[in-house]
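Report on the following structure.
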Amino acid sequence: MAFLKLAEAKTLLAKVVHYDFHDETLLCEAIDTTGMRKPQSNQRLALLGDVMLKHVLLDTWYPTGTPKGTGNTIVSTLGSNGSLAAAARSAGLAKCIITHPGFMGPISDGMLATAVEAILGAIYLDSSKSMDKMKEIMTALGLMAGIIG
C-alpha cells in the first residue's frame, strides 16, 4: 500500500507542481504519518518545510516595503494549517498520505498541513536547497497568493 501511495504522490507532484524527486526516500518520508519507517514519521521534514515556507514568504514580502505587520499577516495566513490543508486538498494530496493500517477516518487538516510542510522540506533537500524551486512549488500550490502577481 505504501508503494502505491508513493507512486501516486510522485505522479501527482510531477503533474501539479512539475517536480520529479531524485531521492524518492525523501518523498516517502514526507507522506508517511505512521512513524513505522522512521520513528518521528514526517515531523522532521515538516519542521524544515515550515521554516523554509516562512523564509520564502518573508523573502518575497520584504522587498515590497510594507510594514512588519503585513509580513506577520502573510506568514500567519498563508502558513496556517487551514491554508496548507486547502492547498493539499486542491492538489489531491490527501489520497497520497500514508496512515496506520487501521486508520479509518478522514485525513485531518493538521495531518494535511504537516504533510505539505514535509513535502516542502523534502523538495528543499532534494532540489539541492534551491530557493527558486521552493518559490515555484509554493506558487503552484497557491501558497504565494497575494504576495506575487
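Here are a few things to note about the model shown:
- Of the helices (runs of 4 or more DSSP H) that lie entirely inside the range 1-107, those containing 3 or more residues that are touching a residue at least 12 places away in the same chain (Cβ under 8 Å), of a type outside the set (S, T, N, Q) and under 14 Å from residue 119 (Cβ atoms) span 2-16, 24-31, 43-61, 81-91.
- When the range 17-37 is filtered for residues that are surrounded by fewer than 18 Cβ atoms within 10 Å (Cβ to Cβ) and farther than 16 Å from residue 127 by Cβ, the ones remaining, listed by number, are 34, 35, 36, 37.
- Tally of residues being at negative phi, among the hydroxyl-bearing types (Ser, Thr, Tyr), at pLDDT 95 or above and surrounded by fewer than 24 Cβ atoms within 10 Å (Cβ to Cβ) across the range 105-137: 2
- Qualifying residue in the range 55-69 (condition: buried (at least 16 other Cβ atoms within 10 Å of the Cβ), modelled with pLDDT of 95 or more, among the aromatic types (Phe, Trp, Tyr) and within 19 Å of residue 127 (Cα to Cα)): no
- Output for the range 116-142, where each listed residue is in a loop (DSSP other than H, G, I, E, B) and either without any contact (Cβ under 8 Å) to a residue 60 or more places away in the chain or farther than 17 Å from residue 12 by Cα (or both): 127, 128, 129, 130, 142
- All positions within the range 79-104 that are buried (at least 23 other Cβ atoms within 10 Å of the Cβ) and either under 19 Å from residue 134 (Cα atoms) or at pLDDT 95 or above (or both): 84, 88, 93
The values are calculated or read from the model by the stated rules, or taken from the named source; none is laboratory data. Here the structure is a predicted model, which is why all the values come from computation and not from measurement. All Cβ positions, even for glycine, are placed from backbone atoms using ideal geometry, and neighbour counts span all protein chains on display.
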